[in-house]
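Colleague: Sharing a structure with you now.
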Amino acid sequence: MTKLPTRANSRGNTITVADFLEAGRARLRLSLIAGGKSLDRVIHEPIVNRPGLALTGFYDHFAWSRVQLIGNGEVAYLNSLDNETRVARIKAMIDRKAFCFVFTNGYKPSPQEIELGESMNAVLLSTPYKTRVFANLATFVLGALAAPTATIYGTMVEVAGIGVLFEGAPGLGKSETALGLVKKGAALVADDLTCIRKDVGNDTLYGSACDSTAGFMEIRGIGIVHIPSMYGVNAVRQEKRIQLVITFKRLNEIHGEIDRIGQKRAYRTILGVDVPNVVIPVSEGRDLVILVETAVQQQKLKFAGHNPVLELSERLRRRADERQLTIEQQKRSKRHG
């Protein structure tokens, strides 16, 4: 599997306040109030923090490395203080390394607070969203920005609810197989280039198309096709969890890699996550669409705890035992006959 250059690794991306502001302008309705010269500062923990206790002067376990959320409760408390004390409490948090503050509910910091932020290289942002709504949305945006990512040469489809990533050399029929599956009810996720992100919390991978190629496929001899126009919007998926990697290889290139009975479990490691891997030989006359559908159904059975190899082995063992018992009974019959 060939990977394109990427700035991510299995630990995740480094994100700055500028990244957060750019990603959140539309979705989070963020606006910059102060600190435009400090947007290159790194958000070390991609999560929000409500600094209620810190505003009262208690700083034990203060999560300075997170985005500080100033909601109605914090604003009400600050307004109960005189102007000098209010500015001093915010300055104390900045002194303890806090550097990014978001004021919710459309609240705007005072001129003194804005001047403080500019002079101490802190970034002050504002959003009209309610605190609870913004906290949920911001957690998703920050998580997506910080997630480990990679871009891989491969085609991805959803087959019977399972996200399947095809890999293999050019010309082996990855796109054609995906098109055949789509025609039978599967859904296209990405063709040729698949963008992968890692959910660090659940240790899972999700694949999607690059923004410029979403919904499009290149089919040799036909050209570029737009899947939603041909098969409807249900024939595409914006993002899907990767649960199976299928490797296409020419039959003459496989030397001892095929497990004929499927006893061994093979995995492909992407961004530190092991994904079940199946190698399918490609040769003239083989129906790759049917083989992929079979591999997917087989994998679903394995997820459910069904192992056909063990079942067959147990069945053969029982038949062997029965045969051996019959032979012993026949021998005893002859001895007593």
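Colleague: Thinking of the range 57-129 as a set of Cα atoms, what percent of all their pairs are more than 14 Å apart?
Modeller: 59
Colleague: Further question: Taking all protein chains as present, what is the carbon and sulfur share of the accessible area of the chain, in % to the nearest whole number, probe 1.4 Å?
Modeller: That fraction is 50 percent.
Colleague: Taking Cα centroids, how far is the range 20-35 from the range 154-228 in Å?
Modeller: A separation of 32 Å, based on Cα centres.
Colleague: Which residues' amide hydrogens lie under 5 Å from the amide hydrogen of Lys249, considering only partners 5 or more residues apart or on another chain, with H built in the peptide plane?
Modeller: Ile280, Val282
Colleague: Between helix 83-95 and the chain, what is the angle of the helix's C-alpha long axis to the longest principal axis, kept within 0 to 90° and rounded to the nearest 10?
Modeller: For helix 83-95, the angle is close to 40 degrees.
Colleague: Would you mind checking the pairs Lys97/Lys198; Lys198/Lys300; Lys183/Lys264; Lys108/Lys130; Lys183/Lys249; Lys130/Lys240 and listing those with alpha carbons more than 25 angstrom apart?
Modeller: Lys97/Lys198; Lys183/Lys264; Lys130/Lys240
Colleague: How high is the relative contact order of the range 132-182, in percent, with contacts defined as C-alpha pairs under 8 Å that are six or more residues apart?
Modeller: Taking the mean separation of contacting Cα pairs over the length of the range 132-182, I get 25 percent.
Colleague: Using only the alpha carbons, work out the radius of gyration and Dmax of the range 199-299 in angstrom.
Modeller: 16.2, 43
Colleague: On a straight-distance basis, which aspartates and glutamates could pair with Lys184 in a cross-link, Cα separation under 13 angstrom, same-chain partners fewer than 8 positions away excluded?
Modeller: Glu158, Glu176, Glu293
Colleague: Also: Find the accessible area per residue for the chain; the probe is 1.4 Å, ligands and nucleic acids are left out, and the unit is Å².
Modeller: In whole numbers, the chain has 55 Å² accessible per residue.
Colleague: Loop sites only, by DSSP: take the GluC sites (Glu not before Pro) in the chain that have at most 15 other C-beta atoms within 10 Å and name the longest stretch containing none of them.
Modeller: Formally, the longest exposed-site-free interval is 1-256.
Colleague: Once the range 1-143 is represented by equal point scatterers at the alpha-carbon sites, with solvent omitted, what log10 I(q)/I(0) does the Debye formula produce at q = 0.14, 0.16, 0.22 Å⁻¹?
Modeller: With no solvent term, the Cα-only Debye profile gives -0.62, -0.80, -1.53.
Colleague: Which three extents, in whole angstrom, do the alpha-carbon atoms of the chain cover along their principal axes, largest first?
Modeller: Extents along the principal axes: 109, 64, 33 Å.
Colleague: Something else now. Taking the 0 to 90 degree range and rounding to the nearest ten, how far is the long axis of helix 288-303 tilted relative to the main principal axis of the chain, both from C-alpha atoms?
Modeller: 70
Colleague: Another question about this same structure. Looking at the P(r) of the range 131-186, how many percent of alpha-carbon pairs lie beyond 18 Å?
Modeller: Of all Cα-Cα distances in the range 131-186, 55 percent exceed 18 Å.
Colleague: Right, here's the next one. For the range 109-251, what is one quarter of the convex hull surface built on the Cα atoms, given in nm²?
Modeller: 12.8
Colleague: Which residues' amide hydrogens lie under 5 Å from the amide hydrogen of Val189, considering only partners 5 or more residues apart or on another chain, with H built in the peptide plane?
Modeller: Long-range HN contacts for Val189: Met156, Val157, Glu158, Arg237.
The values are calculated or read from the model by the stated rules, or taken from the named source; none is laboratory data. Just so you know, these numbers come straight off a predicted model, no measurement behind them. Here Cβ is always computed from backbone atoms with ideal geometry, including for glycine, and neighbour counts include all displayed protein chains. Ligands, DNA and RNA are excluded from the accessible area calculation, which covers all protein heavy atoms including side chains. Shrake-Rupley method; radii C 1.70, N 1.55, O 1.52, S 1.80 Å.
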